[in-house]
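Quick notes on the structure that follows.
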Amino acid sequence: MSLLSVRGVTRRIGRRAILNDVSLDVDRGEMIAVLGPSGSGKTTLLRVINMLDRPDAGTVLFRGQDIWAGNEEETRRSMVMMFQKPVPFSMSVYDNIAYGMKLRKMSKQEISAAVEEALKLLDMAGKESQYARSLSGGEAQRLAFARAYVLKPDLLLLDEPTANLDPANAGIMERVIRETSRRLGTTVILVTHDMYQARRLASRSAFMLDGELIEMKPTAELFSSPDDPRTARFIKGELIY
Ligand SMILES: Nc1ncnc2c1ncn2[C@@H]1O[C@H](COP(=O)(O)OP(=O)(O)O)[C@@H](O)[C@H]1O
Ligand SMILES: [Mg+2]
């Protein structure tokens, strides 16, 4: 059984389908990439999976259960989404990372150990007491990852995690994404418009356009032999994004 199964999901805004009959399966422990130009529906797909938006048609199964018909609370706890432009809470770095763990009633000791581990992983050791809104853009993005990481989700949804980063910060982010997947076995859906990043990180990749999932295959195959001419055009850089 797949960890996640999106089946025929449509999401409409007015009459327009911003997601149109999208289906995909993700296995436990897998890292997949979702590629596509701006406006193709990538963020909406993550929002629907994360229960922030409700589909108008179709279903999303998580561990075989319809996310809107089973134990919603538990499902919400099993997944964490990192948004495209995360804004830290107006508090210290430490309190930002601890926030979600406090909600989950973890002990002070557990929280403190998890914060230290996450900061080390993200090359941010020593920044505990810094006011989070004074971090650089790259650090703020890493902080957002740390906040997701400490919750140890089964499914991690990353929306363009390196889109606004310089190469050094992007490199750190890619490293921690890879390590999280390897060490914790976390299942990852990585939304990106960076084809090279998909190649470096994802075993399979999907291509989206105008709300439709055009095709999904092993990443190397998607690039070497796309089935659809629209995918081929995207790969050749002919689609604007
Ligand atoms: N709440 C909304 N209201 C109106 N239009 C929206 C809303 N959310 C998304 N859209 C539109 O749906 C399309 C897909 O958006 P999005 O999922 O953000 O695409 P992507 O992440 O691939 O850039 C875009 O045309 C966007 O403008
Ligand atoms: Mg987006």
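The values are calculated or read from the model by the stated rules, or taken from the named source; none is laboratory data. Keep in mind the model is a prediction, meaning the values are calculated, not measured. Backbone-built Cβ (ideal geometry, glycine too); neighbour counts: all protein chains shown. Calculation scope for accessible area: heavy atoms of the full protein, side chains included, ligands and nucleic acids excluded. Shrake-Rupley method; radii C 1.70, N 1.55, O 1.52, S 1.80 Å.
When you count the other C-beta atoms within 10 angstrom of each residue and take the mean per peptide, 153-161, 1-9, 103-111, 26-34 line up highest first as 153-161, 26-34, 1-9, 103-111.
Find, among the trypsin sites (Lys or Arg not before Pro) in region 195-241, those assigned to loop by DSSP (not H, G, I, E, B) with at most 16 other beta-carbon atoms within 10 angstrom. Answer by residue number: 236. Across the cross-link table entries 102/152; 42/102; 85/105; 85/236; 42/85; 85/217, which are compared at the Cα atoms, the separations over 22 Å belong to 42/102; 85/105; 85/236; 85/217. Placing a label point 7 Å from the Cα of residue 152 along the Cα-to-Cβ line, the residues of region 55-90 whose backbone N sits under 20 Å from it are 63, 73-82.
Take the chain with all the other protein chains still there, run a 1.4 Å probe, and you get 47 Å² of accessible area per residue. Spin-label model, residue 54/residue 225: points 7 Å from Cα along the beta carbon direction are separated by 4.4 nm.
Using helices alone, what [θ] at 222 nm do you get for the chain, with -39,500 (n - 2.57) per DSSP H run of 4 or more residues, divided over all residues and rounded to the nearest 500? Before the final figure, lay out each step's value.
On the way: 9 runs with 91 residues, N = 241.
Rounded to the nearest 500, the figure is -11000 deg cm²/dmol.
Of all DSSP-defined beta bridges confined to the chain, some 55% are antiparallel rather than parallel. When every Cα-Cα distance of region 1-77 is counted in 10 angstrom steps from zero, the calculated P(r) takes the values 19, 53, 25, 3 percent. The residue list 136, 96, 234 was ranked by how far each Cα lies along the charge dipole of region 4-235 toward its positive end, using unit charges on Cβ atoms, and 96 comes out on top. For the pair residue 105 and residue 199 in one chain, pulling the backbone fully straight at 0.36 nm per residue adds 30.0 nm over the alpha carbon distance. If you plug the beta carbon distance of residue 13 and residue 175 into 1/(1 + (r/R0)^6) with R0 = 35 Å, you get a FRET efficiency near 0.45.
What a 1.4 Å probe finds exposed on region 4-235 is 47% carbon and sulfur by accessible area, rounded to a whole percent. Both radii are taken from the alpha-carbon atoms of the chain; with Rh as the Kirkwood radius, Rg/Rh is 0.97.
For residue 25 and residue 133, a Förster radius of 51 Å and the Cβ-Cβ distance give a FRET efficiency of 0.85, rounded to the nearest 0.05.
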